[in-house]
Amino acid sequence: MTTNTMTTDVLIVGGGPAGALLGFLLARRGVAVVLAEKNVTTERSFRGETIAARSVLTLRELGFEPALARHGYVPLTGISLWEKGRRIVHADYQRFPIDALPIDIPQPALIQAFLDASEPFPSHTALMGASFVSLFEEEGAVRGATVRMRGGETLDIRARLVVGADGRYSRVRKASMLEATITPMERDFLWFKFPRPPEWGHDAQLVVDRDRHLVILPTYPDLLRVGYNLPKDGFSQIRKQGIEAFRAGITELDPRLGPLVEAHIGGWHDASFLEIFTAEMEEWARDGLILIGDAAHTATPILGQGVNLAIQDAVYLAPVVAAALARNADGVVRAAELADFVGKRRTHKAMVTRFQRAQEASLARSSAVGTLLRRMRLKALDLFPLKYRLLDRVMNAPHNMSAEALHVGTL
Ligand SMILES: Cc1cc2nc3c(=O)[nH]c(=O)nc-3n(C[C@H](O)[C@H](O)[C@H](O)COP(=O)(O)OP(=O)(O)OC[C@H]3O[C@@H](n4cnc5c(N)ncnc54)[C@H](O)[C@@H]3O)c2cc1C
């Protein structure tokens, strides 16, 4: 098998929201960038489709609004929590002090918008069907990576910085030897989709009964995306009980979904399993390498922050990398030059993780007393504007973005 070679400034492994946006932002600054994505197309199902309001604003400022509008999306109007058929908490997204609503748009459309915007830049190369194999190092610094193309041939890509943006099971993270603390949550998720009844509205809903819950998200174009929580490692158990028992479990939790589940969940192929864990890292960077997005900090699905964090990582990192490359005409980008970026982003992610862990613990309560206390606390919270402050802090927290980071221009 032949091995070819290639040289670039920045090699990004993984063309998800983090990697594809970073590729565009760097190319726009004239940086030579290679984006290596293992899949040949942007197609993927059951991924984060919710873009938090803060990132909607960012994408607007970056000039992506027309591309997103051309595709179409669903604006989300609020979030509510239901128990035993009664709404316990409701927050109206229009009351947040931010000039955007979260939106739901399929990830392929978002990523395609980033790839289309990158295409005119001669310094941008997208290698689709290129899977990361290994890193290569010189004198303790990462100097590039080997990727394998679909045809089997390998390519050694020499770079001054390798960016691992290859998602929650990152192979770049493993190869980097940077340490990650993986904390499994108490439950996992099964996701499925079916048509949205016309009267459903555009609120995200959480339906809880003791330690079982459903997340119901209005999804583009006219669907509901539903996440059903399972006990840890409970998927094999639930499969043994059969699809009928699974359908009955959902209907029992939320009778409104009964007819939809009967009509649209034919078998396990209609559902997608998601293991829930958080990944935390002290160090995201080594000399010549940095991790971003899920590769550096996997979040849980609570309040749909994964795509938001990925987008903000890319926006912040681009100017830092461009400046580091310009400072030193042909050397590697050093970890010390990335330390400020890592510190700020880690602090933001830690705040999100603290909130998500507290919510996970609350949702995992199964005793009668525990669930009663949870209901009382939530009902009390619903009465006060404090709920807006709490949610706003996590969902819409500013990421301290500078005008320099945005480097606004037209697409
Ligand atoms: C089922 C499911 C539901 C989710 N729901 C939500 C939600 O509602 N809201 C939300 O905000 N987040 C959600 N998330 C999380 C969200 O999808 C991620 O946080 C977000 O996509 C992270 O973006 P990323 O670019 O860091 O990684 P990813 O989107 O995972 O992208 C990584 C990319 O790297 C590529 N790749 C992987 N390995 C290699 C390799 N060896 N070589 C080359 N390329 C490689 C992959 O093909 C992929 O394109 C969900 C995730 C899943 C799996």
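Tabulated data
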| item | result |
| --- | --- |
| So Lys84, is it basic (Lys, Arg), surrounded by fewer than 17 Cβ atoms within 10 Å (Cβ to Cβ) and within 15 Å of the ligand (Cβ to nearest atom) | no |
| Selected residue (criterion: nearest to the chain's Cα centre (by Cα)) from residues of region 243-272 that are among the acidic types (Asp, Glu) and under 22 Å from Gly85 (Cβ atoms) | Asp254 |
| Residues that are within 7 Å of the ligand (Cβ to nearest atom) and either open to solvent by less than 10 Å² (accessible area, probe 1.4 Å) or part of a strand (DSSP E or B) (or both), drawn from region 267-296 | Ser272, Leu274, Ile292, Gly293, Ala295 |
| Where a residue in region 16-37 is in contact (Cβ under 8 Å) with a residue 12 or more places away in the chain and its partner, wherever it lies, is among the charged types (D, E, K, R) and open to solvent by less than 10 Å² (accessible area, probe 1.4 Å), with Cβ under 9 Å and at least six apart | Ala18/Asp313; Leu21/Asp313; Leu22/Asp313 |
| Selected residue (only one of Leu101, Leu110, Leu68 is under 21 Å from Arg225 (Cβ atoms) and crowded, with 21+ Cβ neighbours inside 10 Å) | Leu110 |
| The lone exception for His202 - which of (1) within 14 Å of Ile79 (Cβ to Cβ); (2) within 15 Å of the ligand (Cβ to nearest atom); (3) modelled with pLDDT of 95 or more; (4) buried (at least 18 other Cβ atoms within 10 Å of the Cβ) it fails | (4) |
| Selection status of Val74, open to solvent by less than 10 Å² (accessible area, probe 1.4 Å), among the hydrophobic types (A, V, I, L, M, F, W, C) and more than 27 Å from Thr219 (Cα to Cα) | no |
| Scope region 122-169; condition within 15 Å of the ligand (Cβ to nearest atom), open to solvent by 40 Å² or more (accessible area, probe 1.4 Å) and aromatic (Phe, Trp, Tyr); matching residues | Tyr169 |
| Pick from region 170-188, criterion open to solvent by 10 Å² or more (accessible area, probe 1.4 Å) and either assigned to a helix (DSSP H, G or I) or among the aromatic types (Phe, Trp, Tyr) (or both), ranking: farthest from Glu360 (Cα to Cα) | Ala175 |
| Boolean, Met351 is within 26 Å of Gln94 (Cα to Cα), open to solvent by 60 Å² or more (accessible area, probe 1.4 Å) and of a type in the set (A, V, I, L, M, F, W, C) | no |
| Single residue of region 297-321 satisfying the filter (part of a helix (DSSP H, G or I) and within 8 Å of the ligand (Cβ to nearest atom)) that is farthest from the chain's Cα centre (by Cα) | Asp313 |
| Selection from region 55-74 of residues that are over 18 Å from the mean Cα position of the chain (by Cα) and outside any loop (DSSP other than H, G, I, E, B) | Arg60, Glu61, Glu65, Pro66, Ala67, Ala69, Arg70, His71 |
| Only listed residue being touching a His at 6+ places or on another chain (Cβ under 7 Å), crowded, with 23+ Cβ neighbours inside 10 Å and of a type in the set (A, V, I, L, M, F, W, C), chosen from Leu325, Leu309, Leu317 | Leu309 |
| Subset of region 1-34 [closer than 18 Å to Arg168 by Cβ and assigned to a loop (DSSP other than H, G, I, E, B)] | Gly14, Gly15, Gly16 |
| Residue check, Phe64 modelled with pLDDT of 95 or more and away from the ligand (no atom under 15 Å from the Cβ) | yes |
| Residues that are among the hydroxyl-bearing types (Ser, Thr, Tyr) and touching a strand residue (DSSP E or B) at 6+ places or on another chain (Cβ under 6 Å), drawn from region 207-240 | Thr219, Tyr220, Tyr228 |
| Hits in region 21-54 (condition: aliphatic (A, V, I, L, M) and under 26 Å from Ala271 (Cβ atoms)) | Val40, Ile51, Ala52 |
| Residue count, region 170-181 (criterion: more than 15 Å from the ligand (Cβ to nearest atom) and among the aliphatic types (A, V, I, L, M)) | 2 |
| Subset of region 35-54 that is over 28 Å from Arg160 (Cβ atoms) and outside any loop (DSSP other than H, G, I, E, B) - its residue that is nearest to the ligand (Cβ to nearest atom) | Thr50 |
| Residue count for region 226-247, restricted to those that are open to solvent by 40 Å² or more (accessible area, probe 1.4 Å) and part of a strand (DSSP E or B) | 1 |
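The values are calculated or read from the model by the stated rules, or taken from the named source; none is laboratory data. From a predicted model like this one, the values you see are computed outputs, not experimental measurements. No Cβ is skipped: glycine too gets one built from the backbone with ideal geometry, and neighbour counts run over all protein chains shown. What goes into the accessible areas is simple: the full protein's heavy atoms, side chains included, and nothing from ligands, DNA or RNA. Shrake-Rupley method; radii C 1.70, N 1.55, O 1.52, S 1.80 Å.
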